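The values are calculated or read from the model by the stated rules, or taken from the named source; none is laboratory data. Keep in mind the model is a prediction, meaning the values are calculated, not measured. Every residue, glycine among them, receives a Cβ derived from its backbone with ideal geometry; neighbour counts consider all protein chains shown.
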Amino acid sequence: MNQDLTLFGAAISPFVRKVRLALAYKGLDYEQVNVVPFGTDIPQEFKDNSPLGKIPLFKVGNDYISDSEVICAYLEKAFPQQPMLPQDPLQNARALWFSQYASSVMVTAIGAHLFAERILAPFVFKREPIESDIRMALDTEIPAILEYLEGELKSDFLVGDSLTFADFMVGGMFITLHFCNERVDANTYPKVAAYVERVHSEPVFAKIITEEQAMLKAFIG
Ligand SMILES: N[C@@H](CCC(=O)N[C@@H](CS)C(=O)NCC(=O)O)C(=O)O
């Protein structure tokens with residue numbers, strides 16, 4: 001298969017990041033069209049083909065696919081080389097679970113309550129942050145996430161002993177955490193702290209982190 005691939009979205013979105021990691025992991029070339037969903041400059045092609053107006057949107061030839069999980073499922077089937085998901089059914093389920101967990105619980109705490117309030121509110125939405133959301137994330141939600149992951153980490157990666165789809169979304173949410181100037185306390189959560197360092201130094205992650213850091217700097221100064 002050799003079709004033109006286009007990804008619509010802003011790289012700093014955790015859902016867009018997951019797809020970028022999947023594309024990089026599979027060694028696929030693609031074009032990226034920057035779309036900021038809350039912005040004023042949204043391309044007509046995106047408006048016409050994204051049913052919910054959410055990023056990412058993916059284009060394969062003349063066809064469009066919505067939703068990061070669905071896009072990644074497509075990539076896994078269309079480009080089976082370098083599989084992201086384990087063959088074993090239970091390990092496969094475990095990898096999908098962590099992606100779901102990060103896409104829901106971690107996105108709410110780290111993305112919506114912390115990043116949106118600490119970074120997007122002052123720099124993009126031009127309003128005062130909701131401090132109670134930040135406190136809830138830092139005092140309650142994120143510690144519960146770290147406690148859970150600390151108990152789940154039995155090896156170097158979340159599933160098996162190498163990078164899988166599970167790490168894309170979970171590891172990706174720690175990029176967002178770092179953008180908020182927060183770190184995992186290695187004394188309290190030693191396995192998670194080591195895991196984050198390990199995953200972020202994987203070549204597919206390292207490249208994306210460098211690119212996103214530059215973007216964020218340009219964005220917020
Ligand atoms: N389930 C979707 C969620 C995508 C999503 O919520 N994207 C956010 C940006 S991080 C968005 O586009 N929000 C705009 C909106 O809700 O109108 C996926 O996995 O792709």
Worksheet, complete the sentence: Note on segment 34-66: residues surrounded by fewer than 14 Cβ atoms within 10 Å (Cβ to Cβ) and of a type in the set (Val, Ile, Thr) are Thr40
Worksheet item: Within the bounds of segment 107-120, is there any residue that is in contact with a Phe, Trp or Tyr (Cβ under 6 Å, 6 or more places away or on another chain) and within 27 Å of Asp67 (Cα to Cα)?
Response: no
Discussion item. Every residue in segment 147-179 that is in contact with a Ser or Thr (Cβ under 8 Å, 6 or more places away or on another chain) and surrounded by 18 or more Cβ atoms within 10 Å (Cβ to Cβ), please.
Written reply: Phe157, Leu158, Phe165, Ala166, Phe168, Met169, Val170
Item to complete: Could you pull out the residue among Ser162, Ser132 that is polar (S, T, N, Q) and either within 16 Å of the chain's Cα centre (by Cα) or over 20 Å from Ala24 (Cα atoms) (or both)?
Response: Ser132
Item to complete: Starting from segment 102-119, keep only residues that are more than 12 Å from Met136 (Cβ to Cβ), then list their pairs with residues that are part of a helix (DSSP H, G or I) and among the basic types (Lys, Arg) whose Cβ atoms are within a distance under 9 Å, requiring at least 6 positions of separation or different chains.
Response: Ala102/Lys18; Ser103/Lys18
Worksheet item: Mind checking whether some residue in segment 88-97 is touching a residue at least 40 places away in the same chain (Cβ under 8 Å), more than 18 Å from the chain's Cα centre (by Cα) and farther than 20 Å from Phe165 by Cα?
Response: no
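Results for (1) at pLDDT below 95; (2) more than 22 Å from Phe38 (Cβ to Cβ), shown as yes or no for each residue.
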| position | (1), (2) |
| --- | --- |
| Lys54 | no, no |
| Leu57 | no, no |
| Ser99 | no, yes |
| Val107 | no, no |
| Val124 | yes, no |
| Pro129 | no, no |
| Ile134 | no, no |
| Leu146 | no, yes |
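Okay, residues lined up against (1) touching a residue at least 12 places away in the same chain (Cβ under 8 Å); (2) touching a His at 6+ places or on another chain (Cβ under 9 Å); (3) β-branched (Val, Ile, Thr):
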| site | (1), (2), (3) |
| --- | --- |
| Ile71 | yes, no, yes |
| Leu85 | yes, no, no |
| Phe123 | yes, no, no |
| Ile134 | yes, yes, yes |
| Asp161 | no, no, no |
